[in-house]
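The values are calculated or read from the model by the stated rules, or taken from the named source; none is laboratory data. Remember, it's a predicted structure, so these values are computed and weren't measured experimentally. Glycine gets a Cβ as well: all are built from the backbone with ideal geometry, and neighbour counts include every protein chain shown. In case anyone asks, the SASA skips ligands and DNA or RNA and just uses the protein heavy atoms, side chains included. Shrake-Rupley method; radii C 1.70, N 1.55, O 1.52, S 1.80 Å.
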Amino acid sequence: MTPRILEIRTAILKENDLLARTLRARFDQAGVFVVSLVSSPGAGKTAFLQATLKRLMGEFSVAALVGDLATENDAKRLAESGAPVRQITTGTVCHLEASMVSEALVGWDLASLDFLFIENVGNLVCPSSYDLGEHLRLVLLSTTEGEDKPLKYPTIFNTADIAIITKSDLTAAVQFDREAALANIQRVRPGMTTLDSSARSAGGLDDWLAYLRARHSIHVPSAQHALGSSVASLMT
Ligand SMILES: Nc1nc2c(ncn2[C@@H]2O[C@H](COP(=O)(O)OP(=O)(O)OP(=O)(O)O)[C@@H](O)[C@H]2O)c(=O)[nH]1
Ligand SMILES: [Mg+2]
């Protein structure tokens, strides 16, 4: 029985990988830089994305997809920025898949976008196995979750490109040991870039946006956004 279960899982993942590869080629051709966000439920993905969209709107053409099991709450919050947003309601599925992203994009002119953000379902396990065709994956770790999450859920950190410590305004209140958290991230993913942020105080947002602009200009060379020296130090 066990080998049969493994076979099915392999087939599903292979199908997802193939579709993700097709999606990535479409994104590349359209010149849109795609960023996904993963974290545990409530770590602050939507709040972080709201702050990001607010800052990018006007300068860039941005849009977002957001996955949720049952509600459209996050799509409504993100749409307040004025950016086009679509909700993907997954029902009982604990992660987004490339096919869901592909369906949600029907009718969208990708070539008119500079950035597409994809907020995954809040879960530290399932999303790590599913490539969505994104160029950059962020894993968010909030100060209220505890420092040990990278050790307990290493796969999600290993499949992400950058870790963002969120709710940094609560660091003292919850006695979050930032150094221990950073050390744990480095234990599971040596050399991983980490940034701090607070959606409440907007702290850390400038560093994040500098990093994002730099990644965008490297990926889309025609973009007219210079890579500053402070940004170069953030790149690994
Ligand atoms: N103090 C503080 N609270 C925050 C911050 N970011 C988010 N929150 C709060 O944390 C709660 C969850 O934030 P969300 O942005 O909804 O988190 P999420 O990861 O999108 O949640 P799911 O989509 O349900 O997984 C909300 O009550 C936010 O107001 C922050 O930087 N500081
Ligand atoms: Mg959310």
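Below are the figures for this structure:
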{"item": "Prolate/oblate/rounded label for the range 1-112 (Cα gyration tensor, a/c 1.5)", "result": "oblate"}
{"item": "Percentage relative contact order, the chain, counting C-alpha pairs under 8 Å, at least six apart", "result": "21 percent"}
{"item": "Tensor-based shape of the chain (alpha-carbon gyration tensor, a/c under 1.5 rounded, otherwise prolate or oblate)", "result": "rounded"}
{"item": "Solvent-accessible area of M100 with every protein chain in place, 1.4 Å probe, in Å² to the nearest 10", "result": "40 Å²"}
{"item": "Heavy atoms of Y153 accessible to a 1.4 Å probe, total area in Å² rounded to 10", "result": "80 Å²"}
{"item": "Extension reserve of the S102-Q29 stretch, reckoned as 0.36 nm per residue once the Cα distance is removed", "result": "24.8 nm"}
{"item": "Mean residue ellipticity (222 nm) of the chain, computed from DSSP H runs ≥ 4 via -39,500 (n - 2.57), nearest 500", "result": "-12000 deg cm²/dmol"}
{"item": "Cβ-placed point charges (K, R +1; D, E -1), dipole of the chain about Cα centre in debye, nearest 20", "result": "180 debye"}
{"item": "Accessible surface, 1.4 Å probe, highest first, among residues V93, V32", "result": "V93, V32"}
{"item": "The range 26-69 shape via C-alpha gyration tensor axes, a/c threshold 1.5", "result": "oblate"}
{"item": "Amide H contacts under 5 Å for I118, placed H, 5+ residues apart", "result": "V35, S36, L37, L65"}
{"item": "Per DSSP, loop GluC sites (Glu not before Pro) in the range 80-172 with at most 15 further Cβ within 10 Å", "result": "E80"}
{"item": "Pair L170, E59: separation of 7 Å Cα→Cβ label points (nm)", "result": "2.8 nm"}
{"item": "Value of relative contact order over the range 47-166, rounded to a whole percent, pairs C-alpha under 8 Å and six or more apart", "result": "24 percent"}
{"item": "Largest to smallest accessible area among T92, T194 [probe 1.4 Å]", "result": "T92, T194"}
